[in-house]
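Read the structure below first, then the notes.
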Amino acid sequence: MTSMTQSPDQLRAIHARAREWARVLKLPFRQQRWRGHAGEFMGAGVGGSLDFQDHRIYLPGDDPRQINWQAYARTGTYTMKQYREEVRPLVDLVFDASESMFATPIKEQRTLELLAYALEASLQTGATVRSYAVRGQQHLALENEVVMAGRWPDEVQGLPKSAEAPALSRIPFRSGAMRLFISDLLFPAEPESLLAALAARNGRGIVLAPYTQQESVPDWDGNYEFVDAETQQPHEQRVEPDLKQRYLRAYTRHFDLWKNAAAKHGIALARVSAEVEFLQALRTEGIPANAVEAS
């Protein structure tokens, strides 16, 4: 079982709020062509929408209703009107269920809000969504209805606790899908190798990373008993100014590596503060990073 404290009723209430957030800030589906079932977004092929794309020469077997008769009157040549295909995009949503995501009440709240928002924002577009929880080398497929009903913590309890990086390469991502990864990224890993899984096979990767000031700008001073979020092992440590400065430099360097790797692979990475109202926090870095867009 995860160490989260929210009840199913509270999780359902978060999803209710997320439906409203998803009407204000949307996922960037209109920034690329998609492949999928019939829907409202522009596809990579041709189809029957009202958005004219091009002409081509008439071929035997073509639908005569698509012949451009005005062009025929001018040129004497049969040509066909082509329209852009409208498709329903694919979304693969991956949620990092490691214990650090629930380390404090405000981080747990922001983590759960991001999960609810990502699912609701995907479903509101009519996207075909597959959801997964991942912990270390293991992952689990989650029914979207189970997530929205607040029952997913019971499903995830079978995943063993792990301090390893999420094994994204093991998740069956669909070709051409938008891949949403919700994680605090607080694990040892080579960012480039992990993020490559989000960009492979024409994927569009987006990372939403919750964080707290307690992590990014801690006020440590003196003796502390730290507890590892993943293993729950305690560790006594006296924090002197020099140690705190080394931590801050390592923390900054850690996320600089992630941002550089994300830019290299064309992945939108937005860190989302847990101390700020949800829409403001997501808008602050999400819009500049092209992780979300205003409606």
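The values are calculated or read from the model by the stated rules, or taken from the named source; none is laboratory data. Note that the structure is predicted; figures quoted are calculated from it, not measured. Note: ideal-geometry Cβ built from the backbone for every residue, glycine included; neighbour counts use all protein chains shown.
General observations
- Flag if Ala118 is surrounded by 17 or more Cβ atoms within 10 Å (Cβ to Cβ) and modelled with pLDDT of 95 or more: yes
- Of all residues in the stretch 267-289, those that are part of a loop (DSSP other than H, G, I, E, B) and farther than 15 Å from Phe181 by Cβ total 6.
- Within the stretch 281-295, the set of residues being more than 18 Å from Arg30 (Cβ to Cβ) and not hydrophobic (A, V, I, L, M, F, W, C) comprises Thr284, Glu285.
Table: residues versus (1) at pLDDT 95 or above; (2) within 23 Å of Arg110 (Cα to Cα).
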site	(1), (2)
Gln157	no, yes
Glu164	no, yes
Leu168	yes, yes
Gly176	no, no
Arg179	yes, yes
Glu190	no, no
Ser193	no, no
Ile206	yes, yes
Ala209	yes, yes
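- Selection within the stretch 104-131 - outside any helix (DSSP H, G or I) and more than 19 Å from Ser7 (Cβ to Cβ): Thr125, Gly126, Ala127, Thr128, Val129, Arg130, Ser131
- Single residue of the stretch 117-148 satisfying the filter (in contact with a helix residue (DSSP H, G or I) (Cβ under 8 Å, 6 or more places away or on another chain) and among the polar types (S, T, N, Q)) that is nearest to Glu277 (Cα to Cα): Gln124
- For the stretch 181-199, the criterion of a residue being over 20 Å from Ala270 (Cα atoms) and not basic (Lys, Arg) is satisfied by no position.
- Ala261 assigned to a loop (DSSP other than H, G, I, E, B) and surrounded by 13 or more Cβ atoms within 10 Å (Cβ to Cβ): no
- The stretch 87-114: number of residues that are surrounded by fewer than 20 Cβ atoms within 10 Å (Cβ to Cβ) and in contact with a strand residue (DSSP E or B) (Cβ under 6 Å, 6 or more places away or on another chain): 1
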